[in-house]
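Each remark here refers to the structure printed beneath this line.
The values are calculated or read from the model by the stated rules, or taken from the named source; none is laboratory data. Since the structure is predicted, the reported quantities are computational estimates derived from the model, not experimental observations. Because the Cβ atoms are built from the backbone with ideal geometry, glycine has one as well, and the counts that use them run over all protein chains shown. When the accessible area is computed, the model is the full protein with side chains, heavy atoms only, and any ligands, DNA or RNA have been set aside. Shrake-Rupley method; radii C 1.70, N 1.55, O 1.52, S 1.80 Å.
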Amino acid sequence: MEEISILTKWLDFNKKNSRFWSNIILFLMSISFVVTDWMIVIFTVSDYIFALVGISLFISGNYKIKRRQLLWILLILGVIAANIVMNVYNNEAFVLKTGTAAFIRVSYYVAIIVGVYNYVKDQHLETRFLKTLNIIAIIVCFIGIYITIALYSEGQLPYEFFWKFTRTDLASFVFKENTALIRTRSIFSEPAYLGYFLNVILTMNYFNGVHVKINKSFSVIISLTLLLTFSYSAIGIMLMIQFLNLVYKIRLKKFKWTNKTTVYVLLLVGIIMFSWDFIDETLIKRTAYIISGEDISAYNRIISSWSHINSEHIFLGNGIGHTPNVWNIYAYILSDLGLIAFILSCLFSLYLLLINFRLGMIFIVLNFQKGGYLNPAFSILLLLIFIYIEDKNQLSRSLNPKAINSNCDTRNLI
């Protein structure tokens, strides 16, 4: 009885201090998204932060997995485990130690992501979580701008401490060895990865289905910082996000030209004019190089990423964790886990398109910007997709803009 009494008191204490715990958990999850490139020994800093999040959920009495979710988890892990077993007996190149380590990593990420998903949904923290992510994103933007200025100042301003756990080489922030063109990468290992992070936040700001409204100034700062990355893929996806958002507003007659709109457009035009030489060199000329075949980055993302697929093991794949780093996650999954997992990943993408077309489209193109389904960044992307794709099923809205208020609960998506 005494143990029950102590447990009850502890749960009551946590309930009274729920605000404290939510601040910690949401802050840690937001920070984990910006340190996915930071390495300590063989793990990313995000991996360690995930552990802190899991501990916080457990000791606050907020960790839970629902029965339906448990069945899905067992099914997913069961498929991966079966793939490992079959590779052991049918693939001489398969390394059991590597496969086991990857399986443990996937299990770890699934456990954390499902726990956080349930916590955010049960406590109705969708708005606070997205606002926290935006605040962190703006801080990251300003750090990035500061580092860019520091690099142009040629040692007059300190910045090295921001890169203690990541890359410091010239190739990570200059454009094609041209030291006159500094690309903003903030605390990420390269500009494209900063762009990936910012595009995910921008996508959730515009296309979330739980009706969370974020101040437009946040999205403007994020968009302008994306331009400073001079990352072809990041800027391309950002323009796609802006285009989809504009089309959506025009279709629903929500687009209104205001004084703020004028200010934003003038600001954008001013930045484009001021940075025209940079834009011409990094975007316009690079487009011409890609079309002519001189720049093979697009080819690597779309075509050569599939080169690691072993035709002899197309059904089972090379085994989880056995594919070198590639940009294309779909090729990654087919190469590692084989045909069944690849088909399931395609069906999942199709499902997202049907539920929330705009968010689903950006999810697909993001999977060509940054590879690595075993990277914590991909797990965080999935978490945000599950939380913000829809609070209510709006499939009919996606297919018919007149059917805006169709309702069907999808809270138990995972």
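Numbers for the structure displayed
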read-out	value
Residues in region 144-183 reached by a label modelled at Phe274 [backbone nitrogen below 17 Å; 7 Å Cα→Cβ]	144-153, 181-183
Normalised alpha carbon radius of gyration of the chain [divisor 2.2 N^0.38 Å]	1.03
Largest-first ordering by accessible area, 1.4 Å probe, given options Trp276, Trp257	Trp257, Trp276
Accessible area of region 124-255 belonging to carbon and sulfur atoms, whole % at 1.4 Å probe	64
Residue-by-residue Karplus 3J(HN,Hα) for region 317-328, coefficients 6.51, -1.76, 1.60, Hz, glycine and proline x	x, 6, x, 4, x, 9, 9, x, 4, 10, 7, 9
Environment charge of Ala137, counting only residues whose C-beta is closer than 15 Å and scoring Lys/Arg +1, Asp/Glu -1	+4
The chain, accessible area per residue, ligands and nucleic acids excluded (1.4 Å, Å²)	51
Probe 1.4 Å - accessible area at Asp37, Å² to nearest ten	20
Sequence of Arg19, Arg67, Arg167 from largest to smallest accessible area, 1.4 Å probe	Arg67, Arg19, Arg167
Estimated vicinal HN-Hα couplings, Hz - region 129-145 in sequence order (Karplus 6.51, -1.76, 1.60; Gly, Pro = x)	5, 5, 5, 4, 4, 5, 5, 4, 4, 5, 4, 4, 4, 5, 4, x, 5
Anisotropy class of region 1-152 from Cα gyration tensor, a/c 1.5 cut	oblate
Added length on full extension, which subtracts the Cα-Cα distance from 0.36 nm per residue, Ile250 to Ala82	55.6 nm
Nonlocal amide H pairs with Phe43, under 5 Å, H built at 1.01 Å	none
For Phe175, distant residues with modelled amide H under 5 Å away	Leu181, Arg183
Net charge, Arg185 excluded, C-beta distance under 13 Å - Lys, Arg +1, Asp, Glu -1	-1
Set Lys15/Lys121; Lys64/Lys121; Lys176/Lys370; Lys16/Lys216; Lys66/Lys213; Lys260/Lys370 screened for pairs whose C-alpha atoms are more than 23 Å apart	Lys16/Lys216; Lys66/Lys213; Lys260/Lys370
Computed accessible area, Tyr159, all protein chains, 1.4 angstrom probe, square angstrom	40
Helix-only CD estimate at 222 nm, as mean residue ellipticity for the chain, using -39500 (n - 2.57) per DSSP H run (n ≥ 4)	-21000 deg cm²/dmol
Accessible area in the full protein assembly, largest first, 1.4 Å probe, for Glu92, Glu390	Glu92, Glu390
Share of Cα-Cα pairs in region 124-255 lying beyond 20 Å, as whole percent	48
Residue-wise HN-Hα coupling along region 106-113, computed from phi with Karplus coefficients 6.51, -1.76, 1.60 (Hz; x: Gly, Pro)	4, 4, 4, 5, 4, 4, 5, 5
Rel. contact order, % - alpha carbon contacts under 8 angstrom, at least six apart, the chain	18
